[in-house]
Amino acid sequence: MISNKADSVIILDFETTGLSPGHGDRAIEIGAVRIENGEITDRFQALMNPGRPVNRFIEDYTGITNSMLCKARDCREVMGDFADFIGGHNLVAHNASFDKRFLDAELKRISRRYSGQFACSMLAARRLYQDAPNHKLSTLIRYKNIRAAGVFHRALYDSEMTAKLWLNMLEDIQAQYGITSIRFDLIQKLSKTPKYAVQELLNRNY
DNA sequence: TGCCAGGCCCTCTTTAGGGCCTT
């Protein structure tokens, strides 16, 4: 088991009506896990009613139907609970720029904020696993031989898979570079480091 | 009815364009 500051985080995933909150898209499901000391210690999952129907593509892509969303709680209620769940934790998502846009937009609607920093598992994986076929979440799970027993594109399952990938990355950094206490900002710095400079960054033992 | 984004990265770059990722 690993124990360091970088893995005391909330790992989250949104399912949404589309790609852009700036063009009116809304969240329809939030899933998240809390990781502490290398283990999942808490979970959050909720569907939320966006106030309008989702299109057929989203129903097929996520398995979340309009019938399910009609019975779901309002986005405002769910996001209020989720803001309480994340508290002041640092946050991780796969392609974090996407989830951050929706988190910011939904919390703005209820005048809530968060104080944690975001890290992106996809950007970090692009540096660490440069030989992977691609850096989609499902591909990286297979690439790392992580046990998967569920269906991708549901928020809680994707957040759990992202959490397992995140822990694998921390273990790989620890094993390959001997960094015993991996700080969250090292992962953020790694994500912005050019590929050719990754080895140098990690060899510095931060 | 059809279409709509945005951040990051790479390169045949930087006075730009296109692919990757997310739903």
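The values are calculated or read from the model by the stated rules, or taken from the named source; none is laboratory data. If you're wondering where the values come from, they're calculated on a predicted model, not measured in any experiment. Note: ideal-geometry Cβ built from the backbone for every residue, glycine included; neighbour counts use all protein chains shown. Surface areas here come from the heavy atoms of the whole protein model, side chains and all, with no ligands, DNA or RNA. Shrake-Rupley method; radii C 1.70, N 1.55, O 1.52, S 1.80 Å.
Numbers below:
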| quantity | calculated |
| --- | --- |
| Sequence-distant residues sharing a close amide H with A:His94 (under 5 Å, placed H) | A:Ser121 |
| Residues whose placed amide H lies under 5 Å from that of A:Phe118, excluding near-sequence neighbours | A:Leu91 |
| Relative contact order of chain A, defined on C-alpha pairs under 8 angstrom at six or more residues apart (%) | 25 percent |
| Estimated inter-spin distance, A:Asp131 and A:Asn66, nm [label 7 Å along Cα→Cβ] | 4.9 nm |
| Counting all C-alpha pairs of the range A:9-204, share separated by more than 21 Å (%) | 51 percent |
| About the Cα centre, charge dipole magnitude for chain A (Lys/Arg +1, Asp/Glu -1 at Cβ), debye | 440 debye |
| Mean Cβ count within 10 Å, highest first, over the residues of peptides A:45-52, A:149-156 | A:45-52, A:149-156 |
| Å² per residue, accessible surface of chain A at 1.4 Å | 50 Å² |
| Most positive-pole-ward Cα, A:His94, A:Ser67, A:Leu167, against dipole of the range A:9-204 from beta carbon charges | A:His94 |
| Residues whose placed amide H lies under 5 Å from that of A:Ser20, excluding near-sequence neighbours | A:Asp25 |
| 0 to 90° range, to nearest 10: angle between helix A:75-86 axis and chain A longest Cα axis | 20 degrees |
| Solvent-accessible area, 1.4 Å probe, carbon plus sulfur percent, for the range A:9-204 | 46 percent |
| Table column - 3J(HN,Hα) (Hz), the range A:49-66, Karplus curve with 6.51, -1.76, 1.60, x for Gly and Pro | 7, x, x, 7, x, 8, 7, 4, 4, 5, 4, 6, 5, 9, x, 8, 9, 4 |
| Helix-only [θ]222 nm of chain A, DSSP H runs n ≥ 4, -39500 (n - 2.57) each, per residue, nearest 500 | -13000 deg cm²/dmol |
